[in-house]
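Q: Handing you this structure, nothing more for now.
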C-alpha cells in the first residue's frame, strides 16, 4: 500500500531504518519489474522471430505449392503431348499407299483396302473395250498339206481324188533365232590406162572390219533401257537366244551410241514441253555411284523428258532449262520450290484425296470425309460435263466453291490453331502441327490451285501422268540398285525419255531404235499432239 508524503516524513523522524528498508524493498521491486520487462521483451522478440520463421515457412510452402502446380501442368502437357504422339505413331502404322503418299511397294504383306466400290464395274473387259485375240491370216508364210491317200474303211487309194473340203489350222511361231552375218566386199581395181587404184565404197554404216548391225544394236538398247534388263542378264539373253556371247562393254557402247544419236531429239522434246499449255512435273531419289541423286521428270500425254541432278530443288530445275521458260499450267504435288516459277499452278488432287483418306481413317475427323466426297463429286461433275460442254455453269462453280470454304471452316474449328503437337519446351522456328492442320492450311492457301481442274477443263485432276512416267525409273532402281556413273545416268535418262515419247505416240519402240541407229530417229513435231 503506497504511503502518503506526510506519512513518509513522520516515519523518517521516528525511524529512518524503516524508510531505508522500504526504499530498498522498492528498489528490489523495481529491479524485479525491470527483469520481468526484459524477460517479456525477450519473449516478444522470440515470438517475433517465431512469427518471421513461420512467415518464411509459409512462403517456402507457397513456393513449393507453385512448383508442384507447375510440375503438374508440365506433366499434364507432357501426357497430352505423348497422347498426341501415340496417335501420330498409330496413324503412321496404319498408313498405306491408299491413304498416304507412301509407294505401293511399302505396303508389304498388309491387306490394303480397295477403294473401288463394289459393283461399280463388272469384272473383265468393259463395254466398248476392243478385244484382242489371235486371228487366222489369209496369206500364211508356209502351207503344210496333210493329204489322205487311203480310205480308212475299205483301203481304196484316194491319191487322185480331189478333196471335198479342206480344214485349216494355223500355228503362229517364230523361226529359230540366229545372227545373220553379211560380208561386204569392196573391190579394188587398177585402171589399165593410167594405173590408178580404184576402191569400191562400203555402206556408210559399215565403218569397221567387224561390227554389229543396227538391228542387233537396237535390240541391245531395247533390252537394257526399255525392258530394264541388267547388263549381265542381257548378255545371258543373247547367249540363250542366238548362241552368241556378247560382252557388257558391247552393250554399253550401243547405249552410248544411241545416246549420241538422240541429242537433237532430246532438245526438241524440251522445246515442245516449254511450248505446251499443261505439263506435269515430279521428282524422286535415285542412286548414282552409291550417292543419292534426284531424277526429275517433265511430261505430257505425248512427250517425256528425264534429267538427273545432285540437287532436288531450284538449282536442278533451273539446269533443266524448262520450268524457268514455261508459261502455261504446271501440275505438281504442291512441293514448295515449284511455286518459285512464274507459271500457273495446279495441285495433284490424287495426293489430296489420299491424305484426306488417311486423316479420316487414322484420326476420325469429319471434315476430311466431307472434303473427300466434295472433290470426288466435282471430279465426276467435270468428267460428265466434258462430254457436252467446255466449262461448268458459273452457278455450279460458285456453289462448289462455297461448299469448299464451309468445309475448310469446319475443319479449322475441329483443329484449333494452338497445336497439341508443340513441344513442352519452347523451340525456335515454326511450331509443329498435326497432319490435319497442315492439310487444312494447304487447302485454305491453295484453293484456286486445288480446284483449277474445275475452272479449266484442259487441266487434269491429278498428277498421275508424271507419276506413271517416273514409275519405270523407280523399277530400274529396284532391279539394278544404282548407276555406276553420272555418264550412265545421263545415257539412261535421254534414251528412256525418247522411248517413252515414242510409246506415247503409238510408234513401234524397236523400229524407232533401229531408225535412231540409222540416223533417222522419230522426232515429234509440235506440242498440240501432232508428230512426224
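Readers should treat all values here as calculations from the given coordinates under stated rules, not as data from a laboratory. Since the structure is predicted, the reported quantities are computational estimates derived from the model, not experimental observations. Cβ placement follows ideal geometry from the backbone for every residue including glycine, while neighbour counts extend to all protein chains displayed.
Q: Along each of the three principal axes of the Cα atoms of the stretch 356-508, give the extent in whole Å, ordering the values from largest to smallest.
A: Reported extents, whole Å, longest axis first: 56, 54, 26.
Q: When a/c reaches 1.5 or more, the comparison of a/b and b/c decides; with that in mind, is the stretch 337-407 rounded, prolate or oblate per its Cα gyration tensor?
A: oblate
Q: At residue 207 and residue 4, where each label point lies 7 Å from the Cα along Cα→Cβ, what is the point-to-point distance in nanometres?
A: 15.5
Q: Based on the alpha carbons, how large is the Rg to Rh ratio for the stretch 10-100 when Rh follows Kirkwood?
A: Looking at the stretch 10-100, the ratio lands at 1.83.
Q: To continue, here is another question. Could you sort 160-166, 384-390, 250-256, 351-357 so that the peptide with the highest average Cβ count within 10 Å comes first and the rest follow in order?
A: 351-357, 250-256, 384-390, 160-166
Q: Something else now. Quick one: Cα convex hull volume of the chain, Å³ per residue?
A: Expressed per residue, the convex hull around the Cα atoms of the chain is 450 Å³.
Q: Have a look at the stretch 245-334 and give its Rg and Dmax from the Cα atoms, expressed in angstrom.
A: In Å, with Rg to one decimal and Dmax whole: 15.2, 51.
Q: State, as an integer percentage, the relative contact order of the stretch 285-410 based on alpha-carbon contacts under 8 Å between residues 6 or more apart.
A: Averaging sequence separation for qualifying contacts and normalising by length gives 12 percent for the stretch 285-410.
Q: Hey, any idea what the orientation-averaged projected area of the convex hull of the stretch 163-220's Cα atoms comes to, in nm²?
A: 9.8
Q: Also, quick follow-up: Given Cα positions, please report Rg to Rh for the stretch 314-355, the hydrodynamic radius being the Kirkwood one.
A: Expressed as Rg/Rh, it is 1.01.
Q: Now for a separate question. Would you mind getting the Kirkwood hydrodynamic radius of the stretch 471-516 from its Cα pairs, rounded to one decimal in Å?
A: 11.6
Q: Run the numbers for residue 503 and residue 464: contour at 0.36 nm per residue of separation, minus the present Cα-Cα distance, in nm.
A: Here the segment from residue 503 to residue 464 would lengthen by 12.3 nm.
Q: Rg/Rh for the stretch 285-346: what does it come to with C-alpha atoms and Rh from Kirkwood?
A: Here Rg/Rh amounts to 0.97.
Q: How are the alpha carbon pair distances in the stretch 225-286 distributed across 10 Å bins from zero to the largest one, expressed in percent?
A: So the P(r) values, bin by bin, are 17, 31, 29, 17, 6, 0.
Q: Taking a spot 7 Å from the Cα of residue 236 along the direction of its beta carbon, which residues of the stretch 288-330 have an amide N less than 12 Å from it?
A: It comes to no residues whatsoever.
Q: I've got another one for you. Where does the chain land at 222 nm, in deg cm²/dmol rounded to the nearest 500, when only DSSP H runs of n ≥ 4 count, each adding -39500 (n - 2.57), divided by all residues?
A: Mean residue ellipticity, 222 nm, calculated: -16500 deg cm²/dmol.
Q: Right, here's the next one. I want the antiparallel fraction of DSSP beta bridges within the chain, as a percent rounded to 5.
A: Once the DSSP bridges in the chain are tallied, antiparallel ones form about 70 percent.
Q: Now for a different question. What number, in percent, do you get for the relative contact order of the stretch 173-237 if the mean sequence gap of Cα pairs under 8 Å and at least 6 apart is divided by its residue count?
A: Relative contact order here is 16 percent.
Q: In nanometres, what is the gap between the two model label sites at residue 215 and residue 45, each 7 Å from Cα along Cα-to-Cβ?
A: Using points 7 Å along Cα→Cβ, the separation is 12.3 nm.
Q: Normalised by the number of residues in the chain, what is the relative contact order in percent for Cα pairs under 8 Å and 6+ residues apart?
A: Here the relative contact order equals 18 percent.
Q: How large are Rg and Dmax for the stretch 447-532 when only the alpha carbon atoms are used, in Å?
A: Looking at the stretch 447-532, its Cα Rg and Dmax stand at 16.7, 51 Å.
Q: Please grab the % of Cα pairs in the stretch 145-260 that end up more than 17 Å from each other.
A: For the stretch 145-260, the fraction of Cα-Cα distances above 17 Å is 72 percent.
Q: If I stretch the segment between residue 141 and residue 162 completely, what's the gain in nm (0.36 nm per residue apart, minus their alpha carbon distance), one decimal?
A: 5.2 nm
Q: Starting from one equal scatterer on each C-alpha and no solvent at all, send me the Debye-based log10 I(q)/I(0) for the stretch 440-496 at q = 0.18, 0.25 Å⁻¹, two decimals.
A: Relative scattering, expressed as log10 I(q)/I(0), comes to -0.73, -1.00.
Q: Using 0.36 nm times the number of residues separating residue 478 and residue 173, minus their current alpha carbon distance, what extension gain do you get?
A: My answer for the length gained is 106.5 nm.
Q: Which value in nm describes the separation of the simple spin-label points at residue 54 and residue 153, placed 7 Å from the Cα toward the beta carbon?
A: Taking the two extended label points, one gets 13.7 nm.
Q: Between residue 70 and residue 417, what FRET efficiency follows from the Cβ-Cβ distance if R0 is 25 Å, with the result rounded to 0.05?
A: Efficiency at R0 = 25 Å is approximately 0.55.
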